[in-house]
Amino acid sequence: MSAKKIDKIATTVLYTISAIIVLILASLLLFILVQGVPHISWHFLTSPAKSFEVGGGIGIQLFNSAYLLIITMIISVPISLGAGIYLSEYAKKNWITDVIRTSIEILSSLPSVVVGLFGFLIFVIQAGMGFSILSGALALTFFNLPLLTRNVEESLKAVHFTQREAGLSLGLSRWETVTKVVVPEALPGILTGIILGAGRIFGEAAALIYTAGQSAPALDFSNWNPFSISSPLNIFRQAETLAVHIWKVNSEGNMPDGAQVSAGASAVLIIAVLLFNFFARFIGARIHKKITSA
């Protein structure tokens, strides 16, 4: 068989595999959206959940998911950026950095339920934070940090070394070369990693069951005192997120319209992740264009 024919067969096989993967993912998304979108309404999105009666919504759970995501990203993004820059630009290649990288890879493969139990023991019990948004955010930071750090490091390494040499030859210090040349060039890859991490956090349930709690206290959206138990800004209150709510509705079965609520909440979760991805990519492209004048 000629090399040209082998190349055509290999290309066809790769296209077929890609098409099958896309078809499976598209079918899954379409099924969730078709099942759930008819149950979505303004009342469903803004009203609180109800037990043992129909007509409940997901308003508080949706807010909790977004708020927890913001708190987690505020904690994890600066740490992962610093760690990624250090490992890529400053760390010398020796057994210590090899151990660090191996540890990061091991941590990134931990099941989320293990991270949740770790967060339960350390933050909820030992640190005395109880079931709270802060405990959930810290647990999710441990869950997300290895992936983000590895992504930042690989994105920075992908920048060609000639750009670093050009920065240094223009009289920039090493830090200025990293912050003004290397990081802006690697920004699309870094943002992609952050987006993937954000989607992972938004849909996470197992780790939050043990740290953020499984109840959603009534919130007063006119109360902006961050220390009030009814304030939406309070990071020390329990916060049932959307993913946890879906798990709870399906496991407890205390809602007469649980199937409809679960389907609608799942569709909202998928739509929120998709919208967040598109918005973040748009913002990332604008930032990259502004910084690099590309």
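The values are calculated or read from the model by the stated rules, or taken from the named source; none is laboratory data. As the structure is a computational prediction, the values presented were derived from the model and not from experiment. Note that we place each Cβ from the backbone using ideal geometry, even for glycine, and neighbour counts take in every protein chain shown. When the accessible area is computed, the model is the full protein with side chains, heavy atoms only, and any ligands, DNA or RNA have been set aside. Shrake-Rupley method; radii C 1.70, N 1.55, O 1.52, S 1.80 Å.
Key figures
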| read-out | value |
| --- | --- |
| Average accessible area per residue (Å²) across segment 40-293 - probe 1.4 Å, nucleic acids and ligands excluded | 50 |
| Mean Cβ neighbour count within 10 Å, used as a protection proxy, ranking 65-74, 16-25 highest first | 65-74, 16-25 |
| Segment 7-89 - percent of accessible surface contributed by carbon and sulfur, probe 1.4 Å | 78 |
| Total charge dipole magnitude, segment 40-293, about the Cα centre, Cβ charges on Lys, Arg, Asp, Glu only, Debye to nearest 20 | 660 |
| Distance between modelled label sites at Phe161 and Ser51, nm, 7 Å Cα→Cβ extension | 6.2 |
| Residues of type lysines that Lys92 reaches as a straight line, Cα spacing below 30 Å, ignoring anything fewer than 8 places off in the same chain | Lys157, Lys180 |
| Burial ranking of peptide ranges 79-92, 34-47, 200-213 (average Cβ count within 10 Å, highest at the top) | 200-213, 79-92, 34-47 |
| Solvent-accessible area, 1.4 Å probe, carbon plus sulfur percent, for segment 137-285 | 67 |
| Full-extension gain in nm, Leu172 to Leu30, via 0.36 nm per residue minus C-alpha separation | 46.0 nm |
